[in-house]
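The structure appears right after this line, and notes come after that.
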């Protein structure tokens, strides 16, 4: 089949389909509001026309500020969900304000909010489905970008593997270098020397160049960058140290000097911290006012009746930046001298009968919502450890203290992915730490929601390692 014909893959048409689908959903929604629910029956014809114009104008206004980038080669579903949700939120505010100014439609606030929640769910769902369809379309060889890799070395092979193993729509045509590094077997065609790139790129209409060469090639790289910009080719430089540090990086500028941080931390962004803290306060506040008093009365009475001691168990734990705090739990053990030094193990004789049930269902952790409200903890984050364990593991696991760059959580990514409970070996603790560091580097609000969902799901089913 003709690769040139498949290369573009109706790229511009794809963007038009997305916009058409968005407008179709929005117009159907308001059509139902106005005519299906008969809420606009009494509106004069002029107001209906204004409403129609505002509904569609609002879409184009908001879309100038928030780009979905669904057709981009590299964008993940979580980012699409984030942007689509942000779009509907701002769009709802815009339409509400516009309808109020023009006195078009008066709907009680609760049904109005519910309506936009429904629209938002359908809108986000449509974007997710379209992205999945586009990825399947690209896997079949359509709508791809033609790329070449400069360099025939280990770094170039890693770039090649990343590009071809993804379904982001990249087609690697081959490699350029003056010589192939010793021991390197190229998985794609060797296209020639570095001096051949310009001619090849123009003939074959290259979209992207990934450069992996380094050393004394500064002048050559500068020439290639200039050539790429003149010919509207996107130029990407893969740094040499990537083979030593395979993680997300954070690039910042001090004046005009680029500074590369070895760890990307989304929660360093103030707006992300504000969003996370706002959710923590709202979620914990609602829970503590509504369900917690009932749970406290029931579990507290059973705890007091079945074993001597307080209802709450308070223990010093390690929090953000290594700061100590008092962590609250429903007491699940009989009072003992090892409570602050030894983890619970399977069939632990210290655990009471009601304590075993609470641990199995995670009910013993619920008082930690008080810690969340006090700002010692977050709803989601790395689980806080006993001080003795922090001291022990920080001396034998290199990245152990990195997990304390964010607030600890009632639940976390490690807990919902198989690293909950007793850690019998150093390897198990290293696995937990890796999950916690991954969370720190990949945080999104929707990841928090996913972890909360998985936590509730696991609590209902019962955790095998919760003892």
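The values are calculated or read from the model by the stated rules, or taken from the named source; none is laboratory data. Note that the structure is predicted; figures quoted are calculated from it, not measured. Backbone-built Cβ (ideal geometry, glycine too); neighbour counts: all protein chains shown.
Against the test of being touching a residue at least 12 places away in the same chain (Cβ under 8 Å), farther than 19 Å from residue 408 by Cβ, in contact with a helix residue (DSSP H, G or I) (Cβ under 9 Å, 6 or more places away or on another chain) and surrounded by 15 or more Cβ atoms within 10 Å (Cβ to Cβ), the options 288, 299, 275, 267 yield a single qualifying residue, 299. Elements of the type helices (runs of 4 or more DSSP H) sitting completely within region 141-237 and holding at least 1 residues that are out of contact with any strand residue (DSSP E or B) (no Cβ under 9 Å at 6 or more places or on another chain) and surrounded by 21 or more Cβ atoms within 10 Å (Cβ to Cβ): these cover 154-165.
In this structure, is residue 28 in a helix (DSSP H, G or I) and either within 23 Å of residue 146 (Cα to Cα) or modelled with pLDDT under 85 (or both)? Answer is no for this residue.
Of these, 103, 38, which one is assigned to a loop (DSSP other than H, G, I, E, B), at pLDDT 75 or above and over 24 Å from residue 446 (Cβ atoms)?
Values: 38 fails: at pLDDT 75 or above.
Every option except 103 fails the conditions.
Of all the listed residues (220, 224), the sole one being in contact with a helix residue (DSSP H, G or I) (Cβ under 7 Å, 6 or more places away or on another chain) and touching a residue at least 40 places away in the same chain (Cβ under 8 Å) is 224. Here the helices (runs of 4 or more DSSP H) wholly within region 349-436 that include at least 1 residues being without any contact (Cβ under 8 Å) to a residue 12 or more places away in the chain and touching a helix residue (DSSP H, G or I) at 6+ places or on another chain (Cβ under 9 Å) are 353-361, 387-394. As a summary of the residue check, residue 464 satisfies the conditions (1) over 15 Å from the mean Cα position of the chain (by Cα); (2) modelled with pLDDT of 85 or more except for the one numbered (2). Note on region 81-103: residues that are surrounded by fewer than 18 Cβ atoms within 10 Å (Cβ to Cβ) and over 29 Å from the mean Cα position of the chain (by Cα) total 6.
For every residue, the table says whether it meets (1) assigned to a helix (DSSP H, G or I); (2) within 21 Å of residue 28 (Cα to Cα); (3) modelled with pLDDT of 75 or more; (4) out of contact with any strand residue (DSSP E or B) (no Cβ under 8 Å at 6 or more places or on another chain).
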| site | (1), (2), (3), (4) |
| --- | --- |
| 53 | yes, yes, yes, yes |
| 72 | no, no, no, yes |
| 75 | no, no, no, yes |
| 79 | yes, no, yes, yes |
| 82 | yes, no, yes, yes |
| 95 | yes, yes, yes, yes |
| 98 | yes, yes, yes, yes |
| 107 | no, yes, no, yes |
| 111 | yes, yes, yes, yes |
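Restricting 334, 317 to those that are modelled with pLDDT of 85 or more and touching a helix residue (DSSP H, G or I) at 6+ places or on another chain (Cβ under 9 Å) reduces the list to 317. Screening region 1-16 for residues that are surrounded by fewer than 15 Cβ atoms within 10 Å (Cβ to Cβ) and at pLDDT 65 or above and picking the one that is farthest from the chain's Cα centre (by Cα) gives 13. The single condition among (1) out of contact with any helix residue (DSSP H, G or I) (no Cβ under 9 Å at 6 or more places or on another chain); (2) outside any helix (DSSP H, G or I); (3) at pLDDT 90 or above that residue 325 does not meet is (1). Selection of region 129-140 for residues being surrounded by 15 or more Cβ atoms within 10 Å (Cβ to Cβ) and either at pLDDT 85 or above or farther than 30 Å from residue 191 by Cβ (or both) yields 130, 131. Counting the residues of region 402-428 that are buried (at least 19 other Cβ atoms within 10 Å of the Cβ) and farther than 22 Å from residue 360 by Cβ gives 4. Only a single criterion out of (1) surrounded by fewer than 18 Cβ atoms within 10 Å (Cβ to Cβ); (2) more than 30 Å from residue 270 (Cβ to Cβ) is not satisfied by residue 399, namely (2). Filtering region 119-144 to residues that are under 22 Å from residue 32 (Cα atoms) and free of Cβ contacts under 8 Å to residues at least 12 places away in the same chain leaves 121, 125.
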